[in-house]
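Please read the structure below before turning to the comments.
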Amino acid sequence: MLNQIDILDLSETNLPTTSTKFQKSHLPPEYTYFFTLDKHHKGSDVTLCVASSLADYIFYHTSNRDRYVLIDLQLRNKQKLRIIQIYLYANNAHLSDRLELEREILLHLQFAHNRNYHTILMSDFNVDIDNPALNHQSRVAKMRFISQLKDFDLVDTYDLLGLDNSPKPYQHTWHNVSNTISSRIDYI
């Protein structure tokens, strides 16, 4: 097992569709893998890797648009856990696709919320929620989705690091090639 990791998400993997079968044969066998592939948008695929010990608890899984993978697990005492790994479009040229995808994810979240599922949403949102000035100027539509997540009692786990009033280290999850621009665009 990879460093005792039970569930791992990968996004923007840039795996060529033709090599997926080959790459699957080189992955650790103690995991079950849920892949999506997109032939039209470079780097858009997402993957969930689930430890085999948990895979037996998965009773439903789906994916769509090669942008998300969703699994539902039934755990002890009939507790249900929904995990969604999503990769949202970054380019504003795909804003209508992004908004349609967000609506679909909100429906999955509403379904889980209405049935008292526990929910984990792991994502590359491709928006920097820590930069309100920039977001109010050019990313209003993208930020609307972030605010809607709060309706489902979802929290940014990074915010939980500073609950004891101690300063939390700022961790960038993205930077450009020249390392002159960086931000935190990945959230759980």
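Bear in mind that the values in this text are calculations on the coordinates, not laboratory data. Keep in mind that what you see is a predicted model, and the values were worked out from it rather than measured. Please note: Cβ atoms are built from the backbone with ideal geometry, for glycine as well, and neighbour counts cover all protein chains shown.
Values as computed for the structure displayed
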quantity	calculated
Interchain or long-range residues, amide H under 5 Å from Val46's placed H	Thr36
Neighbourhood net charge (15 Å Cβ-Cβ; Lys/Arg +1, Asp/Glu -1) for Gln148	0
Cα-centre dipole for region 50-134 with unit charges at Cβ (Lys and Arg positive, Asp and Glu negative), debye to 20	480
Full-stretch length increase - His113, Gln74 - with 0.36 nm per residue and alpha-carbon distance subtracted	12.5 nm
Length gained when the stretch Asn92-Phe59 is fully extended (0.36 nm per residue, less Cα-Cα span)	8.3 nm
